[in-house]
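Trainee: Following this message is one structure expressed as C-alpha cells.
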Amino acid sequence: MRIRSLALLLLFPAAAGSQTIRDQVRVWREGREVQIVREYADFLAIPNVKSDTASLRRNANAIVSMLAQRGVSARLLENGQWPPAVYGELKSKGATRTILVYAHYDGQPVDPTEWRGGAPFSAQLRELHGAEWVDLALPQGGRLNPEARIFARGAGDDKAPIIALVNALDALKATGRQPTINIKFFFEGEEESGSAHLVQILQVNRALLAADAWLFCDGPTHQSREMQVAFGGRGAMGVELTVYGPAKALHSGHYGNWAPNPGMLLADLVRSMRDPDGRILIKGFYEDVVPPTARELAAVRALPPVDSALRRDLLLGGSEANDALLAERIMLPGLNLRGMRVGQVEGLAANAISTEAKASFDFRLVPKQTPAHVQQLVEAHLAATGWFVTHAAATDAERLAHRKVVRVTWGAGDEATRVSLDQPISQALTATLDEMLGKAVLRVPTLGGSLPTGVIERTLGVPLVIFPIANHDDNQHAKDENLRLQNLWDGIEAYAAIMTRLDAHWPRVTP
C-alpha cells in the first residue's frame, strides 16, 4: 500500500493537498445530503419549458437568490421579452485568473402522460430494485443511496451543475477555504431554443463577461461513468424538407405507377445524401473538415472501451462503419434524419398517394465547417440530382414546370469548436482534475452534442472547455429525465477543487 501511494504521488505530486480538499468537501456533503436534495427538488419544481417565458423568469430569479445567499453578486441580464440570462460574480482577493462558468436553466417540452407519475416537475427520488424503479420518500436526514436518482425535467439537463456549483461554494465556506480564482457565472435561459438572442447579450455585456476562459458545465459524463473533459463540441444545423406530389390525394390503384409518390421521392432524396455507414454523399461536404490531430486520436483511443456494452444495452446488432468506435465517429460530421411524415400507417393507412411528404434533418458539424457553406452544398446537391429548390410554398406554376419540387427551410446553425489540449485552460483543468481524482481524467477532443460554444468563441474570442457532471443515461430531452445522486456529489467535489486549485495548475509564462 505504501508503494502504491508513493507511485500515485509521483504521478500526481499535488494529490495529497487536493485529496484533503476533496475529503473535507465529502465529509461536509455527507452530513447535508438531504438538505442538498431538498434545495435541488425545490429548484426542479419550477417549470422550465423553453416556451414558458413566465416560468423561465421564475427560474432566473430563483438562481439570483441562490447565488446571493452564497455571497455572490448576482443580477439578471435582461433581453427584452425573452428569458434573461443570470450573471453572478465572486471576486477572490489576490486572484489573477478569471473563469466564467456556463450552464442553462431552460428545458425541453414535456408530455406529462408519458412520465411515470404524470408530474415532470415534481422531483421524485427513486431506487432501482431489480429492473424496476421504486419511489422513495425523502427522509428527514441521514445518508442517501448514491445510486438513487432524482427524476424531473431539467434534472440532468441542466439544473444539476447549478445546484452543484452553489453547494461547492457552501462546502468551501464550511471548511474555511476560499476560491483562488475570480469566478463569474452565466446561466442562459434560451439554450434549448437555439440561443437566438445570445449574441446580443454577449455584445452588450462584453466587458462584464471578460474572462481568461469559459467553463461549460452542460452535457454528460463518459459512458463508463468516469469524469471527462471535452475540448470542443460539434456544430449543428437543422433543415426541413417538403416534397410535393399531386394537388389532391389519389387512389393508389387507379393512379399508382403514374402519379409520382412524394414519399418514394423523399426516400430517394434521403438515400442520395447519406450512405448506410453514415458517410455524407453531398459533393464537397468534407472539403472543409479538419482531420483530428495525432494527439486527439490518441486521446480518443485511450478512453475506456464502452461500445460493446452500449450496443448490448441498446439492443443493437451492430453499429455503422463496421463497428467503428463511437468516440471516433463523433469527431466526424453527421447527418441525422430526425423524422419523416407522409400518409398514415397501420389502422389509419389508406390506399392513396399523398399530396406531400416532409422530412426533418440535423447536420452535426466539425471545426472549419460553416452553416452557410453547408447550406450552399446541400442545395447544390439537390439541384444536381434533379430537384427544383424553393424556400417558400411552391406555386402552381412551379409544380407544373418541374417534375421534382422541394421546399427547403433552414434553421439557425452554429459552428463547431475545439481548443487545443495545450491551451492554458486545458492544461490547468485537466491537471486539477487529475490531482483530485488521483488518476488521469478522461480527455475527449469533441463532445457529441452541440452547445453555443461557437457563438461565444466568435463573439468574445475566448477559449472554452467543457466539464459536464450529469450521468450519460439521464434521459435528457426525453421522458423520465433523471440525475444519479453520485454524479451530483462528484460534481460538488470537482467544482470545489476547480475553485481552489485551478490557479495552481495554470501555466506560467516565463518573461
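Trainee: Going by what's in this entry, would H381 be described as more than 20 Å from the chain's Cα centre (by Cα) and closer than 28 Å to I280 by Cα?
Mentor: Details: more than 20 Å from the chain's Cα centre (by Cα): yes; closer than 28 Å to I280 by Cα: yes.
Yes: the conditions hold for H381.
Trainee: Any idea which residue in region 81-97 is surrounded by the most Cβ atoms within 10 Å (Cβ to Cβ), counting only those that are farther than 23 Å from S195 by Cβ and either at pLDDT 95 or above or not charged (D, E, K, R) (or both)?
Mentor: Ranking the candidates gives L90 first.
Trainee: Determine the pairs where a residue that is small (G, A, S), located within region 122-143, has a partner that is in a strand (DSSP E or B) with Cβ atoms under 6 Å apart, the partner being 6 or more residues away or on another chain.
Mentor: Filtered contacts from region 122-143: A123/I150.
Trainee: A further question on this structure: How many residues does region 475-484 hold that are buried (at least 22 other Cβ atoms within 10 Å of the Cβ) and either in contact with a helix residue (DSSP H, G or I) (Cβ under 8 Å, 6 or more places away or on another chain) or closer than 16 Å to V441 by Cβ (or both)?
Mentor: Number of matching residues: 1.
Trainee: Only residues in region 439-450 that are within 12 Å of A236 (Cβ to Cβ) count as the first member; pair them with residues that are surrounded by fewer than 22 Cβ atoms within 10 Å (Cβ to Cβ) and modelled with pLDDT of 90 or more, Cβ under 7 angstrom, at least 6 apart or cross-chain, and list the lot.
Mentor: Qualifying pairs under 7 Å: S450/R364.
Trainee: I'm trying to understand the selection: among the residues of region 342-378, which are of a type in the set (K, R) and touching a helix residue (DSSP H, G or I) at 6+ places or on another chain (Cβ under 9 Å)?
Mentor: Within region 342-378, K358 is the sole residue that qualifies.
Trainee: State whether the residues of region 446-467 include one that is closer than 29 Å to E127 by Cα, crowded, with 23+ Cβ neighbours inside 10 Å and at pLDDT 95 or above.
Mentor: yes
Trainee: Let me ask something else. Find the residue count for region 247-283, including only residues that are within 41 Å of the chain's Cα centre (by Cα), part of a loop (DSSP other than H, G, I, E, B) and surrounded by 12 or more Cβ atoms within 10 Å (Cβ to Cβ).
Mentor: Within region 247-283, residues that are within 41 Å of the chain's Cα centre (by Cα), part of a loop (DSSP other than H, G, I, E, B) and surrounded by 12 or more Cβ atoms within 10 Å (Cβ to Cβ) number 7.
Trainee: Of all residues in region 311-330, how many are closer than 23 Å to E287 by Cβ, among the hydrophobic types (A, V, I, L, M, F, W, C) and at pLDDT 90 or above?
Mentor: Quick first cut of region 311-330, residues closer than 23 Å to E287 by Cβ only: 320-321, 324, 328-330.
Now drop any that are not among the hydrophobic types (A, V, I, L, M, F, W, C), which leaves 321, 324, 330.
Checking the rest, the ones that are also at pLDDT 90 or above come to none.
Here the count works out to 0.
Trainee: On to the next question. Of all the residues that make up region 39-80, how many are in a strand (DSSP E or B), among the small types (G, A, S) and surrounded by fewer than 20 Cβ atoms within 10 Å (Cβ to Cβ)? It would help to see each step written out before you state the result.
Mentor: First, the residues of region 39-80 that are in a strand (DSSP E or B): 49, 73-79.
Subset that is among the small types (G, A, S): 73-74.
Retained after the next criterion (residues that are surrounded by fewer than 20 Cβ atoms within 10 Å (Cβ to Cβ)): 73.
Adding up the residues that qualify gives 1.
Trainee: Residue check, A321 against (1) closer than 30 Å to M227 by Cα; (2) in a loop (DSSP other than H, G, I, E, B), all met but one. Which one?
Mentor: Just one mismatch for A321, condition (2).
Residue by residue, here is whether (1) part of a helix (DSSP H, G or I); (2) in contact (Cβ under 8 Å) with a residue 40 or more places away in the chain; (3) farther than 19 Å from M264 by Cα holds:
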site	(1), (2), (3)
D362	no, yes, yes
K368	no, yes, yes
L377	yes, yes, yes
A392	no, no, yes
R399	yes, yes, no
T409	no, yes, yes
A412	no, yes, yes
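Trainee: Still on this model: Residues of region 288-347 being of a type in the set (D, E) and more than 24 Å from D473 (Cβ to Cβ), which ones?
Mentor: Once the filter is applied, which keeps residues that are of a type in the set (D, E) and more than 24 Å from D473 (Cβ to Cβ), region 288-347 yields D288, E296, E346.
Trainee: How many of the residues in region 309-337 are touching a strand residue (DSSP E or B) at 6+ places or on another chain (Cβ under 8 Å), exposed (fewer than 15 other Cβ atoms within 10 Å of the Cβ) and either in contact (Cβ under 8 Å) with a residue 60 or more places away in the chain or at positive phi (or both)?
Mentor: 1
Trainee: If you don't mind, there's one more thing I want to ask. Just for region 138-172: of the residues that are at pLDDT below 95 and over 18 Å from G491 (Cβ atoms), which one is surrounded by the most Cβ atoms within 10 Å (Cβ to Cβ)?
Mentor: So, considering only residues that are at pLDDT below 95 and over 18 Å from G491 (Cβ atoms), the one surrounded by the most Cβ atoms within 10 Å (Cβ to Cβ) is L138.
The values are calculated or read from the model by the stated rules, or taken from the named source; none is laboratory data. Small disclaimer: the values here were computed from a predicted structure and weren't measured. Note: ideal-geometry Cβ built from the backbone for every residue, glycine included; neighbour counts use all protein chains shown.
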